[in-house]
Each structure stands twice: as C-alpha cells, then as structure tokens.
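The values are calculated or read from the model by the stated rules, or taken from the named source; none is laboratory data. Because the structure is predicted, anything quoted here is derived from the model rather than measured. Cβ sites come from the backbone with ideal geometry, for glycine too, and all protein chains shown count toward neighbours.
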Number of protein chains: 2
Amino acid sequence: MDRMRIVLTGDRPTGPLHIGHYAGSLANRLLLQDRYKQYVMIADVQALTDNYENPQKVRENVVEVALDYLAVGIDPAKTTIFIQSLIPEIAELTIFYLNLVTVNRLRRNPTVKTEINQKGYGENVTAGFLMYPVSQAADITVVRADCVPVGEDQLPMIEQTNEIVRTFNRIYRTDALVEAEALIPKVARLPGTDGKAKMSKSLGNAIYLSDSAEVVKQKIMNMYTDPNHLRVTDPGKVEGNPVFDYLDAFDADVKTVQEMKDHYQQGGLGDMVVKKRLLEIMQAFLEPIRSRRALLSQDKKAVMDVLKKGTLQTREVAQQTMSRVKNAMHLDYGF
Amino acid sequence: MDRMRIVLTGDRPTGPLHIGHYAGSLANRLLLQDRYKQYVMIADVQALTDNYENPQKVRENVVEVALDYLAVGIDPAKTTIFIQSLIPEIAELTIFYLNLVTVNRLRRNPTVKTEINQKGYGENVTAGFLMYPVSQAADITVVRADCVPVGEDQLPMIEQTNEIVRTFNRIYRTDALVEAEALIPKVARLPGTDGKAKMSKSLGNAIYLSDSAEVVKQKIMNMYTDPNHLRVTDPGKVEGNPVFDYLDAFDADVKTVQEMKDHYQQGGLGDMVVKKRLLEIMQAFLEPIRSRRALLSQDKKAVMDVLKKGTLQTREVAQQTMSRVKNAMHLDYGF
C-alpha cells in the first residue's frame, strides 16, 4: 500500500469562520480527512503579520476557530490540528529559507503584490508581511505536505514553496524537503450577503457558523438580491444574486433549485419565497453545528486539549524534518 | 550589589581567528569576562546568510573558532559560549520582530547598504541578508544583553535593535525586552600584512592565531612597509606602515617602540630590524596560544562539551525571554 499522502491546510485566526469558509474549504477538509494524513494549522504567527498590533484578537480567535473546526466535523482522530506559534521549527526553517530567496523575488509575488495594494501598505510594507510566502513554505515543508488545497489566486504561493524546496535540495544535496502539489478543489466561492465578491468581517456581510438562529434569519431576510426585481411578477436575475449562490452551495435538492431559478428568471417568484427556502436550508445545516459548538464551548479545556495533542504530534514530525534539514546543512552538532 | 550587566559578543564562523580579531575584540573580551556576565555567540546561522552555499565551511569553523576562544583565554567558567543555530528562540524572535520593521527601514541601514555594495549583491540581495539586522536584534535581546561591544560602523545595528525593543515594548505593553548600549572599546584596528585596511582570508593578508611559528615568520618577514624606504639611511614613514601598527598593538614596551619610530623616521633604521623585533614580540605572544590550541585540539570532544554546556545555559535564558515575550503577545497557550 502506498504511503498516505500528506495535506496541509489552515486558517488565520482573525475572526470566527463563516459559511464562505465552509463552502470554500471546510467541506473539502471533511472529505480530505478520510483520504489523506491531514494537518490543519491555526496560523497565529501569520495572522500577526497584519495584526501585530492586536495580538489579543488573534489569541481569542484561536479558540473560536478550533470550535468551528470541531463543530463542523473536523475529527481530531483523523485530522491533526495544531497551533503555528508552538512549532518553533517553522521559524527556524523560515530563517534558513530566507537565504534562498531574493527580496525582488518576494516583491514580484503576485499574491503579495495584490495584498500590499489592497491593504494600502505601499512603501511601508513590513519585512514580516513581504516574507510571509517564505514562512508559508516553512509551514508546508515542516510537515512534509505533498499537497495543499488552494484557490487559483494562491498558486504563486505553491510555486514559491517549490522553488525553495528545489533550491534547498540542490544546494544541500538532499531530499529532505518535498515539493507540494496544489489541489484546486471544485468549491463554491460564496459572495457576501450584500452581493459583494467576498465575505468579510469588516464588511459585515458574512453568516458565521456560530451565528444564532435569530441572527441567521435577520441576515438572510436582509440579503441583497436582484435590485431590478421589484415586483413579484418581474423577471429576476439569478447571476450575481447571492441567494441563489447560497442555494447552489447548500441545497442538496438540485432539481428544485433549478426550478426556482427558472421560475425567478421568468418572473412570478418573489424574493421572500426564495429567501425562506434558503433560510430553511441554512438553519437545517447550521443547527447541528450550532448545538455541537455550544456544547463544545462549555468545555474549553477539552478543546485546548485537542489543540495540545495535535500540536505535540506536529512537533514530533517537525523535529524529524528539522533533523534532516540540519543534517543536510551540516548543522547537526549532536546536542 | 547591582545585578551584573550582560554583554553579548560573537563571531561568524567563516574562518579561523587572526591577530586582528584578537586586538579588535578578543583582548577586550578577556577583560569583560571578569566584569560582566558575558555571552559569546558562534553565529553559524548569520554566517550562512552569505555562505549558504558553503555550509561545511561554516560547520568546520565552529570548532576552529571555539579552539581560538579557549586558546586565548576565554574562560568557560566566566563566559558562556554558545552556538546560534541551537537557540531556536532566536529564529522565533526574529519572525516576530520582522513585523515591526519596514523593508525600507532595512534598506536604509547604513551598515547593510555598505555591505550590499561591497559584496556586489545589487538588486539580487537575498531576504536573509537584508534582514540580518533583525536577526541580530534577536541575538542581543534573547539573552537580555544590555551592552554590546561594537565598532563605530556597527552602531546602526544597535540603533535598529533598540528601535525594535522600544516598538515591541510599546505595542505589547511590556518590559520583556531590554535596550542595549553600544560599548565602543578603545581597540586597535589592525591593517593586513599588505598594508590594506582589513585583514581577510580572501586577501591572504592575515596572521592567524593558529599559524605555525614558521608561517608567522614568513608572513612578518614579507610584510609591507614604507615602499619609499629603500635604503636603511632613508627616512621612513610610520603612518600606514603595518609593522609599527602591530608593534603598537602587541609590544608592551611603549618607550622602545617610540624610539624605534623616531629612528625610522629620521633614517638609519632598517625594515629588517623592526620586523625582527615584531617577530620576537609576536612569537612570544602567539606561542602560548599555539600550544594551548594544539593541546585542546587533541580533545575535540572536550571542546564540544564546552559548547554544549554554554548552549544549554543560553537556552535556559532564551526560554525565559521567550516566555515573557509570548506572554506579552498573548501567545501563551500553557502547553
């Protein structure tokens, strides 16, 4: 039998997870955990690169994110969940890898370039932010992940990682590091409840896995739809209408959804009817998550124990990688 | 009684140490070790920033440098000698500090700027090289050093460290980090045997602490002097004449040296006479170092044990610093 392939995924703990995270990655992780050795990293160190002035927020969300994981069914018996800052080997690898990458190469990274513009850092970009792709290479290689689920826009990150892997293995004449393959899962990218491209905390357009039934109802009932669909009898647009995007992602009854789309486009189907259907579907989906989450959050020590166990497991693997790396770099002093 | 002040010094293990190192820093460390809690770091990680393609050289010189230390009288009972790569807390601190420094600030560092030009890196400077001042800030702060002996040209490094210390302590509302003061020792800067400003391995103009008596003789007898001092009767120049620079640094008989200088400047004192004097002085200085070194190198395990002990001591201090830092950053998970 082949060795089980190793997959690494993770999240920055900067806020609770929303249904966009679920559709975009958590759902996929539930599948992956049965077929891969899966590591899920709570990236507190990476979160600090753009939240360094707000460490308490990061700290609090570590627990929230862990609760979200467990509530949706990430199973600690199958998936190793760990906290990035507790794996010092990642920092050590990052320092070694920084010698293998030029500053200009980092500046040309398309993902980082876009983010620097979006965040308006301009010439004031911190060294920590610019070099976070190198830190990601360390995350990926420290657990010897051979595949990483990413969106198309994250492909440059995998490229950067593999460049480092190849350079390292060539210079130090080793196979200590493993190249990673991008797994581009077929997942839905959910827009915000306001129709904007992305859900985000700052825009207030996200439905959280931890939202109460009341809040979910409010958010769905106030969702953006086709602004030209004024009367029930008007034909409405399905594209760019987040209510239908959500139904596509969460309503298993594809046939009914298609019928509703057709009806909506012809005219005669009111927004309220569609939203009520979505509300029903979302509550049915969220209710078990919500109650598991409530139960879990009564015993935060148990949650921390899951993180502790996963972190210790990861450290063991990290130490093995580090010992190979240091051996290849002639940095093995034997003590 | 006041707490003993903490001093950090160190060397990149890229070659054996020479008499320039002795005059410029080792002599000073022999004084410091009686008055300070002294840490001496063998900076293998930093050496890799510009020797990443040659790790074996770095590795071999770790032992050579340690032998040099012990041979000149750095006393492990007074001075803690440690290996940088074995203190992962330095890498962890570096990653945290990188968030507190902009890329532009690093580019403006005068020491780094000069070195980038000297090494001809231009636009191909690696991320590791550009950010090595941040790594130095981690070296200094991890042992809570409050003073660092540096040359004038290294002052920007201390400034950069203290900027990071102040930013960290302000943002994370802590006094976990300590500012460091530059100790600018009154030391001689020895030129090379060829009269060039600096001794260096690549120029082949250095007298090593480990050179045999034969090699020392050869090097001194071939030393550059005043090129216009052709005949013994010609007046000679003392400035820019490395033979006199070395006498100034190593000949305790200041009066005789002054008389020789006067005589040389008036004319009538041949280079050979001065060189013979220097040879005598240098052999007397180097002989005990050489024999201690020979003795020590017969038992490399004992040398490694010194490094091991110092490294473990340093790790303890580093872990204390790290726990304060992580506490301030809300990254203390209790496991």
ask   = Among the residues of segment A:241-251, is there at least one that is small (Gly, Ala, Ser) and surrounded by fewer than 19 Cβ atoms within 10 Å (Cβ to Cβ)?
value = no
request  = Would you mind telling me which numbered condition in (1) modelled with pLDDT of 95 or more; (2) farther than 14 Å from A:Ala23 by Cβ A:Ala206 fails?
outcome  = (2)
ask   = When you go through B:Asp175, B:Asp139 one by one, which is the residue that is more than 17 Å from B:Tyr39 (Cα to Cα) and more than 10 Å from chain A (Cβ to nearest Cβ)?
value = B:Asp175
inquiry  = Tell me whether segment A:19-32 contains one or more residues that are of a type outside the set (Phe, Trp, Tyr), over 17 Å from A:Arg144 (Cα atoms), in a loop (DSSP other than H, G, I, E, B) and modelled with pLDDT of 95 or more.
reply    = no
query = Among the residues of segment B:94-134 satisfying the criterion of being more than 9 Å from every other protein chain (Cβ to nearest Cβ) and either assigned to a strand (DSSP E or B) or on the phi > 0 side of the Ramachandran plot (or both), which is surrounded by the most Cβ atoms within 10 Å (Cβ to Cβ)?
reply = B:Gly122
query = Do you know which residues across segment B:174-223 are of a type in the set (D, E, K, R), over 15 Å from the mean Cα position of the chain (by Cα) and more than 30 Å from B:Gln320 (Cβ to Cβ)?
reply = B:Asp194, B:Lys196, B:Asp211, B:Glu214, B:Lys217, B:Lys219
task = Scan B:Ala176, B:Ala137, B:Ala91 and give me the residue that is of a type in the set (Gly, Ala, Ser), over 16 Å from B:Leu48 (Cα atoms) and part of a helix (DSSP H, G or I).
result = B:Ala137
query = Would you pick out the residues in segment B:75-88 that are at the interface with chain A (Cβ under 7 Å from one of its Cβ atoms) and under 26 Å from A:Pro55 (Cβ atoms)?
reply = B:Pro88
task = Considering only segment A:224-335, give the helices (runs of 4 or more DSSP H) lying wholly within it that have at least 3 residues that are under 30 Å from A:Arg170 (Cα atoms).
result = A:300-328
